[in-house]
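The values are calculated or read from the model by the stated rules, or taken from the named source; none is laboratory data. The model shown is predicted, which means the values in this text are computed figures rather than measured ones. Positions of Cβ are backbone-derived with ideal geometry, glycine not excepted, and every protein chain shown enters the neighbour counts. The protein model used for the area step is the full one, side chains on, heavy atoms only, and it has no ligands, DNA or RNA in it. Shrake-Rupley method; radii C 1.70, N 1.55, O 1.52, S 1.80 Å.
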Amino acid sequence: MKRVILSLTIIVLIATAAISVTHYYSVKILSSTRAYTNFESQYSKGEKDATRHLINYIYSHEETDYLYFKNDISIPKGDSIARQALAAGKDERIARLGFLMGGNNKDDLPQLLWFYTTFKNEPFFKSAITVWQQADLLVARLNAIGTQAYADIHSGKPVDRDGLILQINTISDNLTIKQQSFSATIGETSRKVDDDVFALDIMISAIILISSWLLAGIMLRKMDTSQRVIVEQNTALNSMNERVKQFAYSVTHDLRAPIASLTGLVSVLEREKDIAKLPDYTEMMRETLDLQDKYIHDVLNAIRNENGKKEEICNLVELVNDIKSQNSFFAGGQRVNFLSELEVWELRCNVADIKVVFNNLISNAVKYADFSKPEQWIKVKSYRKDEQCIIEIEDNGLGINPAQNENIFKKYFKSGVNKKSMGLGLYFTQKAIEEMHGTITVKSFLGKGTSFIVALPL
């Protein structure tokens, strides 16, 4: 199979290269024939203008008409110089100079030179060169007649005006025939190149099409299986990466809540003067640390799970109590006033995800408490609505600017109140809820408090 693929690939590459080469030379040939068409046009115009001015001079004897004749006749004479230089294999610079004297564009010189040297021995162009040579002889005769007429008129000798004009017109008529023959040969060359290139394109394109079709069929069959495997692996890897990121953030974020609570307990201990109460505070510290250690182990177990999406019956009462214990004190040492109204006690869900939700929302309520109010409280409610369990976490804290409500769940969004925030807590909260096929909304009034409403399927 590998040899077949390699062979087809080589065929396609060779055919493609052949098309490129064919097009390169076809464009080069067509460009050269266009240059020779322009060459013939300049040659013909120069000869016709020279004939006209010579006849005018024979009638008028005006020096200006003769000067115009000499200027115009230099155009076909320049082309004659170029042809003779190329035929004799002389310095190419002489041929270039001749073509420039013939009024050809300097940008056309490479095409004129290349076409002549490449095809000078080919029958189709060899005949055109013969016609060109014959035309040059006629131009030389026209120039000789003009030179002799000028000498005779200038010296005062009688001139056979009618005889001269008859000779000039005869030469001009013969030159017209030669020019038409040359143009026809160049035109036929251009058409033949077009036809040959078209036929070759059709043949090579057919080879490329058939080879490509066979190659594509083989490659698609081979790639189909591997592509499915790659897609599945990438999906699994992306899912795992996302969960690893979420886990890393959850650990760092959720550790801060009990640390803040422990900081509050330390503040209480520093102010406490009754030594008998110290064991109570240290026991509260130990419970907080034990709960956090249990939480970390639960999250690790969920990550190690084969699909990370294992669902089980979660006891919301125990879960809320654990998280309340981890967030029982504000950083300044004041005790957090928790209110619970749990009508739904059990919910089938992912343990790690539901802990992320409760931990983030409750720790945020603690973090953004409003100490200008006489009392700070956090209320946790759960109740059934249709086929959903509704969980509300409400506080009377600082509240959220209504203009920011649409942005608070965006990754890295920061409200500006807490400069240390990474802007990831509510983003991961929403992700965890979506993974459990739920939704989250927020109601908040600046200075009054905030209420997050989570809806999860029962």
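What about ILE145, is it open to solvent by 70 Å² or more (accessible area, probe 1.4 Å), among the β-branched types (Val, Ile, Thr) and at pLDDT 90 or above?
No: the conditions fail for ILE145.
Given the criterion at negative phi, outside any loop (DSSP other than H, G, I, E, B) and in contact with a helix residue (DSSP H, G or I) (Cβ under 9 Å, 6 or more places away or on another chain), identify the matching residue among SER451, SER415, SER444.
It is SER444.
Testing LYS192 on (1) among the basic types (Lys, Arg); (2) part of a helix (DSSP H, G or I); (3) open to solvent by 90 Å² or more (accessible area, probe 1.4 Å); (4) at pLDDT 85 or above, one condition comes back false. Which one is that?
Answer for LYS192: the failing condition is (4).
Is it the case that GLN326 is modelled with pLDDT under 90, over 43 Å from the mean Cα position of the chain (by Cα), of a type outside the set (Phe, Trp, Tyr) and open to solvent by 30 Å² or more (accessible area, probe 1.4 Å)?
So GLN326 does not fit the description; no.
Is there any pair linking a residue in region 116-132 that is small (Gly, Ala, Ser) to one that is open to solvent by less than 20 Å² (accessible area, probe 1.4 Å) and part of a helix (DSSP H, G or I), with Cβ under 9 Å and at least six apart or on different chains, and which?
As it stands, the answer is ALA128/TYR36; ALA128/PHE182; ALA128/ILE186; ALA128/THR189, since those pairs meet every condition given.
For region 301-313, does any single residue satisfy the condition of being at pLDDT 75 or above, closer than 16 Å to ASN359 by Cβ and among the charged types (D, E, K, R)?
Within region 301-313 (the criterion being at pLDDT 75 or above, closer than 16 Å to ASN359 by Cβ and among the charged types (D, E, K, R)), the answer is no, since none of the residues qualifies.
For region 14-50, name all the residues that are within 30 Å of ASP162 (Cβ to Cβ) and surrounded by fewer than 22 Cβ atoms within 10 Å (Cβ to Cβ).
SER44, LYS45, LYS48, ASP49
Inspect region 372-393 for any residue being of a type in the set (A, V, I, L, M, F, W, C), part of a loop (DSSP other than H, G, I, E, B) and either over 30 Å from GLY333 (Cβ atoms) or at pLDDT below 90 (or both) and give the result as yes or no.
No; the residues of region 372-393 include none that is of a type in the set (A, V, I, L, M, F, W, C), part of a loop (DSSP other than H, G, I, E, B) and either over 30 Å from GLY333 (Cβ atoms) or at pLDDT below 90 (or both).
What do you reckon, is ASN71 closer than 21 Å to ASP136 by Cβ and assigned to a loop (DSSP other than H, G, I, E, B)?
So ASN71 does not fit the description; no.
Can you name the residue in region 155-172 that is of a type in the set (A, V, I, L, M, F, W, C) and part of a helix (DSSP H, G or I) and, of all such residues, is surrounded by the fewest Cβ atoms within 10 Å (Cβ to Cβ)?
Here the residue is LEU166.
Hey, can you tell me all the residues within region 88-115 that are open to solvent by 70 Å² or more (accessible area, probe 1.4 Å) and in contact (Cβ under 8 Å) with a residue 40 or more places away in the chain?
Within region 88-115, just ASN105 meets the criteria.
Restricting to region 399-424, name every residue that is under 14 Å from TYR368 (Cα atoms), modelled with pLDDT of 85 or more and not hydrophobic (A, V, I, L, M, F, W, C).
Across region 399-424, the qualifying residues are GLY399, ASN401.
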